[in-house]
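*Asks:* Submitted below is the structure of interest, expressed as structure tokens.
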């Protein structure tokens, strides 16, 4: 039999309403203590009457309305999975935030995302809860202001972690431990690390045998960010996508423990406004050298490579698609000579002038005679060195099917372009058929 009536003669729905209202008021006390409140007078009587029990589970008692406001619920009831901290939370309580995160991790959370635009140093308890997480499968730590995490050990293992994104984390290895820091993630598949530093470590190793996608980004040095110089080692066996992006310079040497792990992979390297110094050039060359088993390479910023490295490239025996930004003639020729089965070549443009003899006296790359079918010039200006390269390709491309040139719109009717076309079509063509086209390129201002 249903029990009708309750406190004050109201039905069970009234009791539920009271309970919900009480929990919402209690949650506002927690929220105010953490973030500050703009409604400082509304619930004063309640705050005098209500005192939170220290042994009470704050997360389990939070109302749904607050969870929706501050973070999204996981599939398990009352366990938060996303913590969002914005600019307007200028009175947030770091210790309470750490308690919430630690409590969530201790309840065997599977997915955790923390997006913070405020400073959020991790407490020792939170760090221990994180490195001891046994069921965590997805972790995102996205810090717009660097967060310090003092690593309690030189070996961190998360056996269930499948996806990891780290942004703006300053890992601080304790002096008493070895200077080698190892992260062991046996089932990790996706890994993204942006602007992270490793203080007091002389070597960082990621053991990720099932890793499929790796992305590392390093932005320019700033007052709050000092890039690490310790080498990074990635031990993987099934890489399908490797991406690296650096701005200004390359401070770390990234080493694939087994270069064959990138067999048939897609490699994307972007170097923005990098200084042309010895260290940056060496790190870029070593990085490219390790990717000699990939099928697809996109390389923006090859101008940091000194021309002398052209003949030193390893054989890119599996490479079928090559996309280069502005590139020096010596570097381009060096890669072509080492890419025997290349089918597609896309060039953004030629970096600088070079001697005519560079291509006129060069050995003909094997790919031009047997496999290269498509060549795209991203931007031409009708210059002589562009014509020399086009001539080299046209006269030696035995299986060429398509050759295209993009001309900046403001150069469309320029005499140099018309002369370029006239000379181009006068060259000897060994192929039976190839489609040669010119298109207008809109240059963004």
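*Asks:* In whole angstrom, how long is each semi-axis of the equivalent ellipsoid of region 193-321, when you take the square root of 5 times every eigenvalue of its Cα gyration tensor and sort them from largest down? Don't jump to the answer; show the numbers that get you there.
*Replies:* Working: eigenvalues 99, 73, 30 Å².
Each semi-axis is √(5λ); the values are 22, 19, 12 Å.
*Asks:* Can you tell me, using C-alpha contacts under 8 Å and at least 6 residues apart, the relative contact order of region 119-259 as a whole percent?
*Replies:* Result for region 119-259 is 18 percent.
*Asks:* Please order 285, 191 by the number of other Cβ within 10 Å, starting at the fewest.
*Replies:* The order, fewest Cβ neighbours first, is 285, 191.
*Asks:* Now a separate question. Got a sec? How would 309, 278 order by Cβ neighbour count within 10 Å, fewest to most?
*Replies:* Fewest-to-most ranking of 309, 278: 278, 309.
*Asks:* Specify whether the C-alpha gyration tensor of region 139-239 places it in the rounded, prolate or oblate class, a ≥ b ≥ c being the square roots of the eigenvalues: rounded for a/c under 1.5, otherwise prolate if a/b is larger than b/c and oblate if not. Mind dumping the intermediate values first?
*Replies:* Values: a/c = 1.68, a/b = 1.25, b/c = 1.35.
Since a/c reaches 1.5 but b/c is at least a/b, the shape of region 139-239 is classed as oblate.
*Asks:* Multiply the residue gap between residue 202 and residue 217 by 0.36 nm, knock off their C-alpha separation, and tell me the result in nm, one decimal place.
*Replies:* Numbers: separation 15, 0.36 × 15 = 5.40 nm, distance 1.94 nm.
Contour length minus Cα-Cα distance gives 3.5 nm.
*Asks:* Further question: Taking neighbour Cβ counts within 10 Å as the exposure measure, how do 406, 99, 339 sort from fewest upward? Could you put the intermediate results ahead of the total?
*Replies:* Values: 406 20, 99 17, 339 25.
Listed from fewest to most nearby Cβ atoms, that is 99, 406, 339.
*Asks:* Relative contact order, percent, of region 110-176 when contacts are C-alpha pairs under 8 Å separated by at least 6 residues? All intermediate terms of the calculation are to be shown ahead of the outcome.
*Replies:* Values: 127 pairs, mean separation 24.9, N = 67.
Across region 110-176, relative contact order equals 37 percent.
*Asks:* Only Cα pairs under 8 Å and at least 6 apart count here; give the relative contact order of region 306-445 as a rounded whole percent.
*Replies:* Relative contact order of region 306-445: 20 percent.
*Asks:* Looking at region 330-445, send over the antiparallel percent of its DSSP beta bridges, to the nearest 5.
*Replies:* Given both bridge residues lie in region 330-445, the antiparallel proportion sits at roughly 0 percent.
Only the coordinates and a few stated rules stand behind these numbers; no lab work does. Computed from a predicted model, the values in this text were never measured in an experiment. Because the Cβ atoms are built from the backbone with ideal geometry, glycine has one as well, and the counts that use them run over all protein chains shown.
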